[in-house]
Each structure stands twice: as structure tokens, then as C-alpha cells.
Amino acid sequence: MSVKIGISPIAWQNDDLPDITAAYTMEQALKEAREIGYTGVERGQRMPHDTEGLRAYLEKYDIALCGGWCSGASLVNDTATEIAAITQQVDQFIALDAPCIVYAECSNTVQGIRDVPVNARPRLTRDEVLAYAAKITEVAKWMTDRGMNFAYHHHMGSIIESEDDVNWLMEGSGDEVKLCFDTGHLLFGGGNVMATLTRWGDRVHHVHFKDIRPDVVADVRANDRSFLDAVIAGAFTVPGDGCIDFQAVANHLKSIDYHGWIVVEAEQDPAKAPPYDYSKMGYEHILKVCAEAGLEIAG
């Protein structure tokens, strides 16, 4: 049983804030990620969109597709409409042997709106989340039957942000709805990282190792700043550069025999945090905590 270490190219190529990463290319992201030691990359919007083009692109840099974001709209779509909207991506990920689709509800999220505070994110009651969870279970069942895992990404600015939201989502959904467990988003959202991981470890299929800078997060909350403002200000960083105890996370992953991907996803302003240097820092920290936890890393 071993884990694999991947990275999102978002530090080099930020799809939501393209201006801050304009000096970097996706080719540079893949080349440098592989040079550091990462063996997988999540899909970015500036990669080829066609399946064979994407396959050739990844093969050129000797790096696997270790997942990728899917902007869901199950809150407003009926199941048939939602399935139709995501079928192309599911088929592509199956063809490229990706481990999962990283699904998040984006129909009413504020994460990409610069002038809306993250504090103003949409909120659902427990009953509303339970109903939503039942709805996405149908999408997840369809996806699972096709041979692709559905991993739900709780995310700042969305309807599933807090620890309660995650708990309700897991409680109301079937086992086909797996969890993309993101340490940074959970802590930013006010959740307890270890309590949530302990409670839902059996549903975790994909893990994002993302650290936060608590002083920046506190300022964002206190001054009603947006999610994108938080990114530019440095709310997120790589493992080992913030306040999260990744040794405890790695120890627990070992205890539950986790054998999926650990993915670094740390969007920052590259003028303040050079992507290569910080991605290398994060990689080395993961190697350290995995070694101490006894988690074997696949090459």
C-alpha cells in the first residue's frame, strides 16, 4: 500500500487570477513539477482539452493525470442535465486513468467573485444539505458505474464550506460520494482538520495538502475580503509553511491504510511565493511526514 504525490498547476497557472501568473506557462509548471519529484498533476484549464491531445501533453512531461476540478451545478440542474454536462470530462478522465473527478458545487459559489466577501457565501440549512446530498448521490452512482470515482471538494465560498456542511453532506449521501479532503479549505472554513478526517476517513478518496497562514485568514474574515483577495494576500501556502500539523494528518492516513494521491494545491501570488521554490518546499515536507508516518511513496 503506497501513496502518490501530485500537484495542482495553480501556483504557476491560476485560472481564476490569470494576471498574477501571466509570466508563467503550463509547460513550465509540468516540467518543474516533475523535476521536483511530483508524479501527477491535476488538470488545468490551459492544458489541451481534447483527450488525445491531453494524453500526449502529459506523456511529454512524464506525468500522470491525478484528478481535476469539475464545476458542478446539481443544486440547480436535474440529474439528467447534470450528467449530460459532465459526461465529456468523465469519459476523458476514464480514458486517461485518472483516480477521480474532483467535484464542487459552483452554481452559486462566490469563490471567483472579487467584490463579494467570502463571508457572504451561500448557506444551506441541514435539511437543504441533506436533500442536496441525496441528489448528488445519483450523479455519483452514475459516475461510479462508469468506472470513475466521485470525490466531493468542500470549498471556501461555496455551499459546502464548514465542518457542519461536510458532516451533513457525508451523512446525507451514499457511499458513492467520496470526499476530496482539503486541509486548508477545512481550516479556513473554521473546521477541525483532524476531527473531520477521523470521522470521515473511510470516505476519503483524494487528499489536498494545503496549508494556511492564520493571520491572513483572520484579516480576511474580519474585514470582509473576498476569496480571491485572500489568495492574493497569501491565505494559502504549501505544507510546512503554515500552521497545519501535517504529521498528524499523515499519521492518520497511515492508520486507515490510505493509498491514494496526496496533492499539493496552494495558490499564491508568484511574485511573493515563487512557484518552484514553494512547490519544492511542500514536496520535501510531504516526504518528511510520510516517512515518519510509515507511508510508502510510489515512484
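The values are calculated or read from the model by the stated rules, or taken from the named source; none is laboratory data. Worth saying up front: this structure is predicted, and the values here are computed from it rather than measured. In this analysis, Cβ positions are derived from the backbone assuming ideal geometry, glycine residues included, and neighbour counts consider all displayed protein chains. Remember, those area values only see protein heavy atoms, side chains included, never the ligands or the DNA or RNA. Shrake-Rupley method; radii C 1.70, N 1.55, O 1.52, S 1.80 Å.
Of the set (1) open to solvent by less than 10 Å² (accessible area, probe 1.4 Å); (2) outside any strand (DSSP E or B); (3) in contact with a Cys (Cβ under 9 Å, 6 or more places away or on another chain); (4) not aromatic (Phe, Trp, Tyr), all apply to ALA104 but (2).
Please go through segment 55-74 and give me each residue that is in a strand (DSSP E or B) and either at positive phi or not aliphatic (A, V, I, L, M) (or both), ordered by number. So that I can check it myself, show each step before the final result.
Step one: of segment 55-74, the residues in a strand (DSSP E or B) are 64-72.
Correct list: CYS66, GLY67, GLY68, TRP69, CYS70, SER71, GLY72.
For segment 153-165, the criterion of being in contact with a Lys or Arg (Cβ under 8 Å, 6 or more places away or on another chain), in a helix (DSSP H, G or I), open to solvent by less than 10 Å² (accessible area, probe 1.4 Å) and in contact (Cβ under 8 Å) with a residue 24 or more places away in the chain is met by no residue.
Report, by residue number, each residue of segment 205-244 that is without any contact (Cβ under 8 Å) to a residue 24 or more places away in the chain and either farther than 19 Å from HIS155 by Cβ or under 17 Å from the mean Cα position of the chain (by Cα) (or both). Break it down into steps so the answer makes sense when it comes.
Taking segment 205-244 as the starting set, the residues that turn out to be without any contact (Cβ under 8 Å) to a residue 24 or more places away in the chain are 215-216, 218-219, 222-223, 233.
If the condition is that a residue be without any contact (Cβ under 8 Å) to a residue 24 or more places away in the chain and either farther than 19 Å from HIS155 by Cβ or under 17 Å from the mean Cα position of the chain (by Cα) (or both), then ASP215, ALA218, ASP219, ALA222, ASN223 are the ones that fit.
Filter segment 44-84 for residues that are open to solvent by 20 Å² or more (accessible area, probe 1.4 Å), without any contact (Cβ under 8 Å) to a residue 40 or more places away in the chain and under 23 Å from VAL3 (Cβ atoms) and give the result. Within segment 44-84, GLU59, TYR61, ASP62 meet the criteria. Pairing each residue of segment 118-146 that is outside any helix (DSSP H, G or I) with any residue that is open to solvent by 10 Å² or more (accessible area, probe 1.4 Å) and at pLDDT 95 or above, provided the two are 6+ apart or on different chains, yields C-beta distances under 6 Å for ARG121/VAL110; PRO122/ASN108. GLN28 falls short on exactly one of the conditions (1) assigned to a helix (DSSP H, G or I); (2) open to solvent by 70 Å² or more (accessible area, probe 1.4 Å), and that condition is (2).
In segment 85-97, the count of residues that are within 25 Å of ARG43 (Cβ to Cβ), open to solvent by 10 Å² or more (accessible area, probe 1.4 Å), touching a Cys at 6+ places or on another chain (Cβ under 6 Å) and not in a helix (DSSP H, G or I) is zero.
Taken over segment 8-24, the residue count meeting the criterion of being within 22 Å of ALA98 (Cβ to Cβ), open to solvent by less than 10 Å² (accessible area, probe 1.4 Å) and in contact (Cβ under 8 Å) with a residue 60 or more places away in the chain is 2.
Take the residues of segment 274-294 that are hydrophobic (A, V, I, L, M, F, W, C) and open to solvent by less than 20 Å² (accessible area, probe 1.4 Å): which is nearest to ALA64 (Cα to Cα)? Out of the qualifying residues, it is ILE286. Only helices (runs of 4 or more DSSP H) whose full extent lies in segment 181-233 are considered here, and the ones with at least 3 residues that are open to solvent by 10 Å² or more (accessible area, probe 1.4 Å) and more than 17 Å from VAL110 (Cα to Cα) are 193-200, 214-222. Entry remark, segment 234-273: residues being within 26 Å of LEU30 (Cα to Cα), open to solvent by 40 Å² or more (accessible area, probe 1.4 Å) and among the hydrophobic types (A, V, I, L, M, F, W, C) number 1 in total. Screening VAL102, VAL90, VAL110, VAL118 for residues that are under 27 Å from LYS4 (Cβ atoms) and in contact with a Lys or Arg (Cβ under 8 Å, 6 or more places away or on another chain) leaves exactly one candidate, VAL90.
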